[in-house]
Amino acid sequence: MSDTTPIDLGLGILDHQLIDSEGRRCGKVDDLELEGGADSEPRVAAILTGPGAWRGRGRIGALLARLARGRTVRVPWSEVEGVEAGVRLRKPAAELRLGRGDRRAEAWIEKLPGASLE
Amino acid sequence: MKNIFGIALGILAAIGGFVDIGDIVFNVEAGATFGYQLLWAVVIGVGGIITYAEMCGRVAAVSERAVFDAVRERLGFGVGFVALVSGQLVNLLTIAAEIGGIAIVLQLLSGLPYRALLVLAVIGLAIVLWLLPFGWIERLFGYGGLALLVFAVAAVKLNPDWGEVAHGFVPSTGSGSLAVYGYFVVGLIGAATIPYEVYFYSSGAVEERWRPKDLGMNKANAIIGYCLGGFLSFALMISAGALLLPHGISAEFLGTVALVAQAPLGEIGLLLALIGILFAVSGAAIDSGFSGAYNVAQFFGWEWGKYRKHAGAPQFTIAWFVMLVLGFLIVVTGVDPVLVTEVSVIFSVVALPLTYIPIFLVANDRAYMGRYRNGRLANAFGGFYLVVIAIIAVAAIPLMILSNMGQG
């Protein structure tokens, strides 16, 4: 993505919707992984998503992360196509190991008659 | 044509979303207790829902975000989660109350046992949601709910003192117990601004892919739709005030509401009233169930939308089904649906700030909204209503206790 528009990480990326290359919603930006630090400019290395990533989100996040016992999926920043209404990714959700809950539930719902109705 | 369908969406939101069991219960009880004195509170409530529905519709059209996208982005994970839980509790109580309302109306129509009809109601709703496309659901319940207009005819036929009615539009402290009066003020404003309406409205706008060119339609929807809902609320309160108050009849049963139309209009009035209530309450059950599914999906980032196939948004599909089942489990315990209604409205008032504040913040955000952010008018109304909401949120529970839930 272009480096010209500044984005406020707290308000502009954190907690935003992830959208895969096929336009499907596939999680939220639950946390960010920064690299660099004291002597260099910090930059976003990856988006962290999934229940494991709630650990860093205050007491409620930590509690829910422990209850959900889910994993953290790391999406390297290089997989980000652009940031608009949501964070658009370059690949389909499955390739990035995202949207697993929806895929699992789909396997169940698909078996019901009329599952392809609106 | 698209505009006409857009307006129809507003009518559904008005009847199914606006006039629901909360409005029916609070307007008729207020009329039975205080006559026309509280009409002004309905005006305040309708103004609030118009202001915030317009705002969240605009946010949806411009920034492509529904309410719980905004809630999470603005309040963060922790506070956002508190907003989610409180919103879901209210949604659940609301859907429970609506399902109970459906069963009561079916019982009045058929004489069959209440619990069997609860089962029938929830199965009926699930089948409708599974089989019918959204447009059909909209039209079915939107137009069916228009039978409630019978209360407007009833109000005129009951020949109220129109001077007194006009007086009711001027805010006053009312006669009688201040705590009971205050309880009804909170209840009437709360019933009008109940948050599932904005969840549903904004999510629908994102699903329909509204864009800035649709902002005129958004404004028309919000104003026409909710004014029509407000008009029906007036009709309910005026007819209850004209009939029930002079006879000293209280309105703690939903059946009493139908009597308000039967007394002046006979059997046909009764039938139309019951049909109108049935469709309005069913539509509201669907809206509040969907709202629960929208909220949880938006908070956790799942795929969502009634416009997707069921298997295309599977966790969302499961979520609305779970909402229906949990709502059913609450009322099948035998708890009085009218009581559940009142509790849901009062608790929704407490939870209201967590819904409206993030909408207000996002609607003012230049980065999200650009030149479509709130103008002076929207901010004047929006700010005014934040104050109103803060006051009634603080007052709601004390007034509920002090007034013994309006019983005095």
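For the range A:63-99, a residue qualifies if it is in contact with a Gly (Cβ under 8 Å, 6 or more places away or on another chain) and either facing another protein chain (nearest Cβ under 7 Å) or surrounded by 14 or more Cβ atoms within 10 Å (Cβ to Cβ) (or both), and the qualifying residues are A:65, A:70, A:72, A:73, A:83, A:88, A:93, A:98, A:99. Any residue in the range B:359-369 that is more than 14 Å from chain A (Cβ to nearest Cβ), under 30 Å from residue A:87 (Cβ atoms) and of a type in the set (Phe, Trp, Tyr)? Yes - at least one qualifying residue is present in the range B:359-369. Kindly indicate whether residue A:53 is crowded, with 17+ Cβ neighbours inside 10 Å, at the interface with chain B (Cβ under 10 Å from one of its Cβ atoms) and farther than 22 Å from residue B:80 by Cα. It is false that residue A:53 is crowded, with 17+ Cβ neighbours inside 10 Å, at the interface with chain B (Cβ under 10 Å from one of its Cβ atoms) and farther than 22 Å from residue B:80 by Cα. Scanning the range B:65-79 for residues that are of a type outside the set (Phe, Trp, Tyr) and under 17 Å from residue A:27 (Cβ atoms) yields B:65, B:66, B:69, B:71, B:72, B:73, B:76. Going through (1) of a type outside the set (Asp, Glu); (2) within 22 Å of the chain's Cα centre (by Cα); (3) part of a helix (DSSP H, G or I) one by one, residue B:36 falls short only on (3). Criterion applied to B:64, B:29, B:73 was being out of contact with any strand residue (DSSP E or B) (no Cβ under 7 Å at 6 or more places or on another chain) and surrounded by fewer than 24 Cβ atoms within 10 Å (Cβ to Cβ), and the one residue passing it is B:64. When each of B:168, B:135, B:124 is tested for being within 23 Å of the chain's Cα centre (by Cα) and either surrounded by 17 or more Cβ atoms within 10 Å (Cβ to Cβ) or of a type in the set (S, T, N, Q) (or both), the lone residue that passes is B:168.
In the set (1) more than 13 Å from chain B (Cβ to nearest Cβ); (2) over 27 Å from residue B:365 (Cβ atoms), residue A:117 fails one condition alone, (1).
So which of B:305, B:276, B:292 is touching a residue at least 60 places away in the same chain (Cβ under 8 Å), within 14 Å of chain A (Cβ to nearest Cβ) and within 22 Å of the chain's Cα centre (by Cα)?
Within the list B:305, B:276, B:292, the selection yields B:305.
Quick check on this structure: which one of B:96, B:103, B:53 is touching a Gly at 6+ places or on another chain (Cβ under 6 Å) and surrounded by 21 or more Cβ atoms within 10 Å (Cβ to Cβ)?
It is B:96.
Go through the residues of the range B:58-69 one by one and say whether even a single one is at pLDDT below 95, part of a loop (DSSP other than H, G, I, E, B) and of a type in the set (Asp, Glu). Taking every residue of the range B:58-69 in turn, at least one turns out to be at pLDDT below 95, part of a loop (DSSP other than H, G, I, E, B) and of a type in the set (Asp, Glu).
Pairs please, first residue from the range B:57-86 and within 9 Å of chain A (Cβ to nearest Cβ) and of a type in the set (A, V, I, L, M, F, W, C), second anywhere and crowded, with 22+ Cβ neighbours inside 10 Å and not in a helix (DSSP H, G or I), Cβ atoms under 8 Å, 6+ apart in sequence or on different chains. Final answer for the pair search is B:77/A:15; B:77/A:30. Here the condition is being of a type outside the set (Ser, Thr, Tyr), in contact (Cβ under 8 Å) with a residue 12 or more places away in the chain and touching a Cys at 6+ places or on another chain (Cβ under 6 Å); of B:180, B:198, B:260, it holds for B:198 alone. A single member of B:361, B:329 is assigned to a helix (DSSP H, G or I) and at pLDDT 95 or above, and it is B:329. Within the range B:112-135, not a single residue is modelled with pLDDT under 95, more than 14 Å from chain A (Cβ to nearest Cβ) and more than 30 Å from residue B:333 (Cβ to Cβ). Among residues of the range B:186-240 being within 15 Å of the chain's Cα centre (by Cα) and polar (S, T, N, Q), the one that is nearest to residue B:56 (Cα to Cα) is B:202. Got a number for residues in the range B:322-358 being surrounded by fewer than 18 Cβ atoms within 10 Å (Cβ to Cβ) and within 14 Å of chain A (Cβ to nearest Cβ)? Residues that pass the stated criteria total 1.
No other residue among A:10, A:27 is in contact with a Gly (Cβ under 9 Å, 6 or more places away or on another chain), within 12 Å of another protein chain (Cβ to nearest Cβ) and surrounded by fewer than 18 Cβ atoms within 10 Å (Cβ to Cβ) apart from A:10.
The values are calculated or read from the model by the stated rules, or taken from the named source; none is laboratory data. Since we're looking at a predicted model, the values are computed, not measured. All Cβ positions, glycine included, derive from the backbone under ideal geometry; neighbour counts span all protein chains shown.
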